[in-house]
Structure formats: structure tokens, C-alpha cells
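Working notes, beginning with the structure itself.
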Amino acid sequence: MRLLPLPSFGRRRFASLSAQEILALAIASEEEDARIYALYAKRLRDSYPATARIFDAMAAEEDEHRRRLIDLYRARYGDLILPIRREHVADFYARRPVWLVENLGLDRIRAEAMAMEREAEAFYRAAAERTTDAETRRLLGDLAAEEARHESDVEAMAAELARSGAASEESLAARRQFVLTWVQPGLAGLMDGSVSTLAPIFATAFATQDPWTTFLVGLSASVGAGISMGFTEAAHDDGRLSGRGAPWKRGLASGVMTALGGLGHALPYLIPHFWTATTIAIAVVFIELWAIAWIQNRYMETPIRRAVFQVVLGGSLVLAAGILIGSG
């Protein structure tokens, strides 16, 4: 039996597939799932070795499923496997593109694996119901049961990791990675944007007493600082040796937070009344500085007194310098 050409207006429906096409689709699906699990294992090996070993074992099991399916296919239809894949079937489940898979967090990867096993089980059960050949039906039913067991295995493995303490260690590693990749560069950007733009914004404000001019100066200073900080963070460390994560993530966190730090006290100058805008801007500054001190204490474990001294007092001095320069 040959594979019918795909309709020009769309893809095939699962119900229209023959037994040969279903087996070919199952082979391609197992190959893709094995590659995804192997990619998970590679992605997690350095930081989460216990979970990486789980995905290595799951990739090996998917390869074994593929081998059994190929053996049955060759016995029934010969050596030429029909080139049918998930994307050829309109109502078949899809997998995430590789660039999304590579950037998932640990908990999300585990959840994705559970969902993959549930979808594979549902596919094999539906395929077995549509097959009349006894041996094919038996194999598809066995694979459905094994996929269901895999889902339970993932849950059991997660529980075993928790009991052994590996899950706790991996959670600490995940938190550390989150801090290194997002919090540290974002915090540095927020501090730089909030503090470094204080003097030019408030000097302009008190020198001109023109809210619109002050806003333009603040906008340009914030955006310029954000671009500069973002590129600097991304360029100075590729993250391979330091383990700080992808440069683009750190650059994005640093650049966005730098710009937001400056815009926080520039936006009030959209208000046309100078003293109203300035009062609100100064209030925003102190909220920003206290927020930065809290983040330092919460994520960087900086003692709160030291954080207040470094950030709130230092920022207040920069603010005062800007006001004095502009007033003079």
C-alpha cells in the first residue's frame, strides 16, 4: 500500500490513515521523542545530573519502541518506511520547536515530559482501536501501556528525587541559575538606570523648570543607558565558564531594567505642572531605591542595613547633587 499524496488544501486526518501509515507515523514519532528526551538530558546534565539520567533512560526506551515498531513494519510491509510525520496529520499532537525546548526551565521540562507520555499513550490506544491485524494491535496496545507506565515512572522518579534530596539540590541550582541569569543583571541595570539618571534628570528639571524638556532628557538618558548596559552585559561574558546563562538573556534583563529604572522618575514629567511632576518624581525615586534595597536583600542576601546604606543613601546623595546643580 502506498502513501497517498497530501491534499493541496491541507493535511491528512488521522482517521484516514491506513495501518501502514499509522505504523510509519509511530516510528517517526518515537524517533522525535527520543531526540527530545536526549536534548533534555544534554540541556540538564551539567546543572541537574539526576534528572538528566532520567531523560537518558527515557530516550533509550523510546529508541527501543522505535526498534520494535520497525521490526513489525518490515515484517508487514518491507524495508521502505513511508515518509509520514506528525506535521502531515491535521489532528495529530505536535511537539515544541527545538529553540523553545532548549529554553524551558526544569519544572516545565518535567511537565512537558509528562504531557508527551500522555499524548503518546492516547495515540497508541486510538491506533490500536483502528487496527484489525492481531499482531499490530497487540504491539500498539503494549506500547500504550508502556507509555502510561512511563508517565507514572516520571512521577515516581520525581518523588524519589525528592526523597533522596536530589530534587532539593536541583531546586537550589535552578534558583541559583535564575538569580545569575535574570536577577543579578536585572538588578544591576535597575540600580544603574535609577541612580545614574537622577542627576541629569533633576538638574535639567530645576535648571529649566520645563516638564517636557525634562521628560525628553530623561527618556533619552534612560533609553541610551538601557542600550549601553544591555550590550555591555551581553558582550563581556558568554556564560560558558561563569555559568551565568545565555548572554542575550542577561543583556535583555540588564537593558530593560536599566531603561525602566530611569523612566520611572522621567515619566512624571509628562505632567505639565512642574512642581506636581517633580513631587511625584521624587516620590517615585524613593520607592525605586527602597525596592532595589529589598531585591538585594531578598535575592542577593545582602543585609538590609547595608542595602539601605548603599542604595537609598547613595541614591539620595545623587538626587541632591542633581537638584543643587540644576538650582545653581
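The values are calculated or read from the model by the stated rules, or taken from the named source; none is laboratory data. These figures come from a predicted structure and were not determined experimentally. Heads up, the Cβs are rebuilt from the backbone with ideal geometry, glycines too, and the neighbour counts pull from every protein chain shown.
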Discussion item. If a residue must be among the polar types (S, T, N, Q), over 18 Å from Gly326 (Cβ atoms) and surrounded by fewer than 16 Cβ atoms within 10 Å (Cβ to Cβ), how many such residues does the stretch 262-299 contain?
Written reply: 0
Discussion item. Name the residue that is surrounded by the fewest Cβ atoms within 10 Å (Cβ to Cβ), counting only residues in the stretch 174-224 that are under 31 Å from the mean Cα position of the chain (by Cα) and over 30 Å from Asn297 (Cβ atoms).
Written reply: Ser220
Worksheet item: Does the stretch 186-195 contain at least one residue that is closer than 14 Å to Ala281 by Cα and of a type in the set (Val, Ile, Thr)?
Response: yes
Discussion item. With the structure loaded, tell me whether Ser47 is at pLDDT below 85, in the same structural domain as Ala122 (by TED's automatic domain parsing) and not in a helix (DSSP H, G or I) or whether it fails that test.
Written reply: yes
Item to complete: Confirm whether Trp290 is aromatic (Phe, Trp, Tyr) and over 23 Å from Ile227 (Cα atoms).
Response: yes
Worksheet item: Among the residues of the stretch 115-136, which ones are in contact (Cβ under 8 Å) with a residue 12 or more places away in the chain, exposed (fewer than 14 other Cβ atoms within 10 Å of the Cβ) and assigned to a helix (DSSP H, G or I)?
Response: Glu135
